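Asker: Here's a structure for you.
The values are calculated or read from the model by the stated rules, or taken from the named source; none is laboratory data. Quantities reported herein were computed from a predicted structural model and do not represent experimental measurements. Cβ coordinates were reconstructed from backbone atoms using ideal geometry, including for glycine residues, and neighbour counts include every protein chain displayed.
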């Protein structure tokens, strides 16, 4: 049960990161500024961008 609850927490955190990233990119923030605000490194930013692109593509298909 602990693993499932941890999974749910991580999913919530990731969703929030994606929401914030979407807003920051719409406001044309630099990569450096985004990484500082989200407290992430460049690799994590790349992963989030890929997930955001997939999410936006899925929304466009609906």
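Asker: If only one of 51, 16 is modelled with pLDDT of 95 or more, out of contact with any helix residue (DSSP H, G or I) (no Cβ under 9 Å at 6 or more places or on another chain) and in a helix (DSSP H, G or I), which one is it?
Answerer: Being modelled with pLDDT of 95 or more, out of contact with any helix residue (DSSP H, G or I) (no Cβ under 9 Å at 6 or more places or on another chain) and in a helix (DSSP H, G or I) holds for just one of 51, 16, which is 16.
Asker: Further, regarding this structure: Given the structure, is residue 9 loosely packed, with under 12 Cβ neighbours inside 10 Å and either at pLDDT below 95 or assigned to a helix (DSSP H, G or I) (or both)?
Answerer: Spelling it out, residue 9 is indeed loosely packed, with under 12 Cβ neighbours inside 10 Å and either at pLDDT below 95 or assigned to a helix (DSSP H, G or I) (or both).
Asker: How many residues are surrounded by 13 or more Cβ atoms within 10 Å (Cβ to Cβ) and under 20 Å from residue 10 (Cα atoms) when one looks only at segment 20-46?
Answerer: Number of matching residues: 9.
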